[in-house]
1. Which condition number does B:Gly168 fail, the rest of (1) of a type outside the set (A, V, I, L, M); (2) away from chain A (no Cβ under 14 Å); (3) more than 24 Å from B:Arg482 (Cβ to Cβ); (4) over 10 Å from the mean Cα position of the chain (by Cα) being met?
2. Looking at the stretch B:211-265, which of its residues are more than 12 Å from chain A (Cβ to nearest Cβ) and of a type in the set (Lys, Arg)?
3. Regarding B:Pro326, is this residue more than 9 Å from chain A (Cβ to nearest Cβ) and in contact with a Leu (Cβ under 6 Å, 6 or more places away or on another chain)?
4. Can you find, within the stretch A:279-297, the residue that is modelled with the lowest pLDDT among those that are assigned to a loop (DSSP other than H, G, I, E, B) and either more than 9 Å from chain B (Cβ to nearest Cβ) or surrounded by 13 or more Cβ atoms within 10 Å (Cβ to Cβ) (or both)?
5. Here are some residues: B:Ala422, B:Ala392. Which one is modelled with pLDDT of 95 or more and in a loop (DSSP other than H, G, I, E, B)?
6. How many of the residues making up the stretch A:301-354 are assigned to a helix (DSSP H, G or I) and among the hydrophobic types (A, V, I, L, M, F, W, C)?
7. Residues that are in contact with a helix residue (DSSP H, G or I) (Cβ under 7 Å, 6 or more places away or on another chain) and in a loop (DSSP other than H, G, I, E, B): does the stretch B:321-335 have at least one?
8. Of all residues in the stretch A:63-89, count the ones that are surrounded by 22 or more Cβ atoms within 10 Å (Cβ to Cβ), under 19 Å from A:Phe296 (Cβ atoms) and within 14 Å of chain B (Cβ to nearest Cβ).
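The values are calculated or read from the model by the stated rules, or taken from the named source; none is laboratory data. None of these values were measured; they are calculated from a predicted model. Every residue, glycine as well, gets a Cβ built from its backbone with ideal geometry; the counts of neighbours run over all protein chains shown.
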Amino acid sequence: MTATTTLTFADAVAHFEPVLGFEIHVELNTATKMFSQAPNAFGDEPNTNVTEVDLGMPGVLPVVNRTAVESAIKLGLALNCTIAPRSEFARKHYFYPDLPKNFQTSQYEQAIAHDGWVDVELDDGTVFRVEIERAHLEEDAGKLTHMGESGRIHSASYALVDYNRAGVPLIEVVSKPISGAGDRAPELAKVYVQTIREIVRALGISDARMERGNLRCDANVSLMPKDATQFGTRTETKNVNSLRAIGYAVDYEIRRQAAVLSAGDPVVQQTRHWQEDTRTTTPGRTKSDADDYRYFPEPDLVPIEVDQAWLDRLAAQLPELPVERRRRLKTEWGLSDAVFRDMVNADALDVVEQTITAGASPGAASKWWMGEIARLAHAADVAVTELGITPHHVVELETLTTAGTINDRLARQVLGHVADGEGSPAEVVEARSLAVVSDDAALTAAIDTAIASNPDVVAKVQAGKTQAIGALIGPVMQATGGKADAGRVRQLLAEKLGLQA
Amino acid sequence: MSPAEMIRLTALEMAEHLRAGTFTSVELTRAHFERINQVDGTADEGVHAFLHLNQDEALAVAAEVDAIRTAGGPEADELHPLAGVPIAIKDNIVTIGQPTTAASKILEGWMPPYDATVVRTIRAAKLPILGKTNLDEFAMGSTTEYSAYGVTRNPWDLNRAPGGSGGGSAAAVGAFMAPLALGSDTGGSIREPAAFTGTVGTKPTYGSVSRYGLIAMASSLDQIGPVTRTTADAAALHELIAGHDPKDSTSLHTQWNTLLEATTDQDLSGVRIGVLEEFQGPGFSAEIWEKFQETLDLLRDAGAEVTTVDCPHIPYALHAYYLIVPSEVSSNLARFDGIRYGNRVVPDGGGTVAEVMAATRAAGFGDEAKRRIMLGTFALSAGYVDAYYGTAQRVRTLVIQDLKHAFEHVDVLISPTTPTVAVKLGDQLEEPLSMYLNDVVTIPANLAGIPAISIPGGTAEHDMPVGLHIQGPAKSDATVYRVASAIEALIEAEQGKPFYDRAPEVPQVQGARS
């Protein structure tokens, strides 16, 4: 295969406006499948979580999973959609061995939720409103494993089919075309998917683990000249299965399509596959408008009818959504945009909130979690919550610091020991005798030594350069193993040297 | 009582004798297998109603019922009234332990891993299952000649077709090889064979009987129903199999426990009987039309009010039906691809998945199945779906409205069941359009989801039976049984004997046990 030409990203977005669109498939965490009683579970022995319904045996009929319908309504409400009072299932036909009936039962003309929006907040705080076209219910297909030399479909000699996933409930969230993101398009793509993931997690309707395929994203990208109003021809990059990859895939398609268009060639409407190893997309099936799924209403199911009472009941069950919670916490805590965003990015909102609830001030909770604890976590390559340091530890640490039992430097040391499993901050201070030395008698000897050893500094201080006293504090701290109270040392030094306190 | 006498009883009479101890269920079941052995034969000779016999299991169930009755006590008291009365099941209804083929090569040898809901019900009520009956492949046809396993012959004349698609069930009941059978009716597959074999067949209100385990032809039209020799037997079997099934979302929550009782009320005075303007005269054979007029006279004499009603869209029902059915067929039959079950045909030298699917379907489906798959695939394709499938659905709505209006003026609508008597084997095999016309009367009930029954209405050309078709509004199955039973009694009174006793003796097959 010849290398594909791409422009630099800067060149691409200088000449073209990207238009994005996303289809996100969310696998629901219901106990049973969309249309059968088979368990909806991940990672079991192949073809064990199946009934005759999931295998598309002759004579079987589907029955709609009520919990899945409720999940779809909740997601629809969270995405500010209109919930259809009546929606139907339809059959989408195509022959493929992972599809037991050779049609997928899905929603076509009327989705259960439609015409909504979601606010997406970029890293610098810019808010983008993404319009949602629809969110509809459908069933997942089985899983094919191509067996052969490369594991790729084209050189496979046979394939194994696991129908455990066949019939797992899915909600497909389809965005409207998103334009105007310009050079922020890759970032917007990533944050949009992150936002949807965060919402389905908050709703508790999906495990939303992208590495397991619980949440799968197809990214549509097209380019149009900067001043154009008509969208260009799009490509659909399938199954981009990590947040990072989504940004890269959009970035790559923008650069690739820009090169194609700049060369005067047309973009081919097609499905493309994301290649994680090379961070490129490769062409798949050429998609034309003639793709014919021969939809017609599913005659084996009756329409889903949602009355106001049901809707009200589900609306009342909705948790506070992540974006609303963040706005509330940011106001309540009075933190700066930058600090708050770091906290969000570190996934530390919950733990900070718990720390504040346990008695710490927002400033203190933020200082510790986003300061020393974040540094320890970074060094250990884990999340801040995975160090073994609890909100109660932080409150205790803050109390010790405020009381003057330890200083900041000691506190950082204590945190390290807490993370090492040596107990609570108080226990660490006790066991390692880390309390600060503020006993004047214990300090006097060290101060006298410092004065005696540094006559030139003393001379400067006495000549009026009072800030030089710092050069005497250092040796005292050193002599006391860092446990001296620096404020008290300064005070005693000033008295000895006859300065005004 | 001799086996030959036993098998000529009605199912309800058999049930009565079993309770009274005149004979046992094992004796009764054996008598039926004996009859099957004498007249059913093979694809080459005899009636050939059965594709599979289930003798060991049937006799075991019969013995179990007998043992329970002998032991007496609460378990005997709780036996279903039809317990011990044998039944035959159309081979598009899935059964554990017996192959289910839908008369297609593509499912040859397939052993279902589950029971249809109606089969579970029948097992729970302890009716011995005699075996599986022949049909047109996937229930597509009106003569049973499209079975991949050979034709079924009409017990009234072995040179004629028994109708279809449920020719096997109707012929089994008509030839006294079974007192009861299950059929499925998408456009007349229970009623047209009933008319051709002098038996009774009901297409219940859509949703009255669970479709779970019925191999779907056209899901929005399919309905399982009883095939019997009398209206009361049909009502009794219908009551047994009816009711809501959580596995069938389209099944109704209605109660169906007054059907048998309705057959005991045979007073027709004041009953408003409608005759469709659109089904007058031409189109029906001369003798069938004459016989129908005689029946109308009987009804008037019995005090019924016979009026003509108008359903202007009914003539379009057949056309709508032959777009909706293939559309749903093309979808329902997509799963037969050789990947998960059934026959798999691998092209010479191997092939891709798509090539294996294509070869499997090319070899596995017969002509009529292929014809409907192609028509339906076209009718649903982009650019045509609205003109074909969409228009057909709009016509369906108009037919539903027409019938609804008609039932504001009459209690039931009656007509002959078929335009002609049973055709000779082979006559319609190369003329699918002519075959499709056999269903012109029966199709509207499927489109509208309403109950309809065919009962024997005498004989016409070649002394072959004709059917009388009675249909009522949705969920009025009890009314339909009441009127049908009353007409049945009138005809029987006029003839001096039940219609089924007029059937000619069925020739014994070569090598049959005497």
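1. (4)
2. Listed by number, the list holds a single entry, B:Arg229.
3. Values: more than 9 Å from chain A (Cβ to nearest Cβ): yes; in contact with a Leu (Cβ under 6 Å, 6 or more places away or on another chain): yes.
So B:Pro326 passes the test.
4. A:Ser288
5. Values: B:Ala392 fails: in a loop (DSSP other than H, G, I, E, B).
Just one listed residue meets the conditions, B:Ala422.
6. Residues in the stretch A:301-354 being assigned to a helix (DSSP H, G or I) and among the hydrophobic types (A, V, I, L, M, F, W, C): 17 in total.
7. Within the stretch B:321-335, none of the residues are in contact with a helix residue (DSSP H, G or I) (Cβ under 7 Å, 6 or more places away or on another chain) and in a loop (DSSP other than H, G, I, E, B).
8. 1
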